[in-house]
Amino acid sequence: MTGRVETKPGRILEISSVANPAIKKIRGLSLKKNRDAEGVFVAEGMKLIIDAFENGWEVETLVHAAKLSSSSQVQEIAAKARVKGAQILQVSEKVLSSITRKDNPQMMIGVMRQAWADVAKAAVTSQSAWLALDRVRDPGNLGSIIRTVDAAGADGVILVGDCTDPYSLESVRASMGSIFNVPLVRMTVEEFLGWRICWSGMVIGTHLEGAVDYRSLDYQNAPVLLLMGNEQHGLPDNLSGACDHLVYIPMAGSADSLNLSVATGVVLFQMAKRTGKGIMVS
Ligand code: SAM
């Protein structure tokens, strides 16, 4: 089975029924088991499709509102997709709503192939910065983190253990297009601990009981692997034990902890000062 819906590549089809098999198949991609089986995912909105093209991604199936068929921007996007063999489905708003389960759906949807990177093949320099996430559960958090990694100029995200799917609709939405510019790696805990031994730089874990203020570490001139804990439970002992340093972010007030994506942004942008990437350069 391929991720392509079963219509002839490159064809333009008009569909008005939510029961159409091609539409049912795309709607089924809201379930992780179907995304995994097909190796594809759904990106919503013209902006995201344009971001995808700009980053060299291809669309396998492009779905857009039939009422926009005469829009020159839609025609241009559809032509680009079609040249690469994509099928173009011109559909009613009801059909678009049925795919995204929203009353005011985006007018364009792309079905694309998932991409997974191999961190072992990534070049490591003194400026390398990878982020590892331990069992991240919330798709909104994961999408925001991917966006933050992109903005901070870090190299990519390693998903360790049983993480939420970065290719879910919610996570792709929250990444705001950064999903197309951030390499994603997935590893079991055992694979991660094995790979970590070969990592030539610092491994920094964030922990509520960390011994070091995150601002006091010197991030200069060494590859950095930043490890963040699970939203509910934080880092387990086997992962915190694999870190060179455990850092904390000082907090005022009565909050027990920061939201995972906020904590990630705080430390990543501190690290980004070394390369001049990011907005907090001083
Ligand atoms: N109840 C969890 C615990 O005991 O660790 C809270 C987890 S917190 C919501 C999720 C992750 O964000 C933590 O595992 C840590 O990586 C990071 N984090 C949040 N606030 C932090 C802080 N003030 N200092 C260091 N890390 C923090």
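Seen through its C-alpha gyration tensor, with square-root eigenvalues sorted a ≥ b ≥ c, the range 183-282 comes out oblate because a/c lies at 1.5 or above while a/b is not bigger than b/c. When H233, H207 are compared by accessible surface with a 1.4 Å probe, the order from highest to lowest is H233, H207. Its DSSP H runs of at least 4 residues, each contributing -39,500 (n - 2.57), put the calculated 222 nm mean residue ellipticity of the chain at -9000 deg cm²/dmol, to the nearest 500. Overall shape: rounded for the range 119-275, with the ratio a/c of the largest to smallest alpha carbon gyration tensor axis below 1.5. How much of R186 can a 1.4 Å solvent probe reach, expressed as accessible area in Å² and rounded to 10? Approximately 130 Å² for this residue. Taking Cα centre as origin and charging only the Cβ of basic (Lys, Arg, +1) and acidic (Asp, Glu, -1) residues, the dipole magnitude of the range 119-275 rounds to 480 debye.
Express the carbon and sulfur contribution to the solvent-accessible surface of the chain as a percent, rounded to the nearest whole number, probe 1.4 angstrom.
Ligands and nucleic acids excluded, carbon and sulfur give 50 percent.
Can you tell me the 0 to 90 degree angle between the C-alpha axis of helix 189-198 and the longest principal axis of the chain, rounded to 10? Once rounded, one gets 60 degrees. In the chain, the DSSP beta bridges split such that about 25 percent are antiparallel, to the nearest 5. Ordered from highest to lowest accessible area with the whole protein assembly present and a 1.4 Å probe, K273, K33, K121 read as K121, K33, K273. Each principal axis of the Cα cloud of the chain was evaluated for its coordinate range; sorted largest first, these ranges are 61, 38, 33 Å. Taking one quarter of the surface of the convex hull spanned by the alpha-carbon atoms of the range 12-113 gives a direction-averaged projected area of 5.9 nm². In the chain, taking the dipole from charged Cβ atoms about the Cα centre, the farthest positive-side position among V157, V42, S261 is held by V42.
In the range 12-113, the DSSP beta bridges split such that about 55 percent are antiparallel, to the nearest 5.
The values are calculated or read from the model by the stated rules, or taken from the named source; none is laboratory data. Remember, it's a predicted structure, so these values are computed and weren't measured experimentally. Note that we place each Cβ from the backbone using ideal geometry, even for glycine, and neighbour counts take in every protein chain shown. Accessible surface is based on the protein model in full, side chains and every heavy atom, while ligands, DNA and RNA are left aside. Shrake-Rupley method; radii C 1.70, N 1.55, O 1.52, S 1.80 Å.
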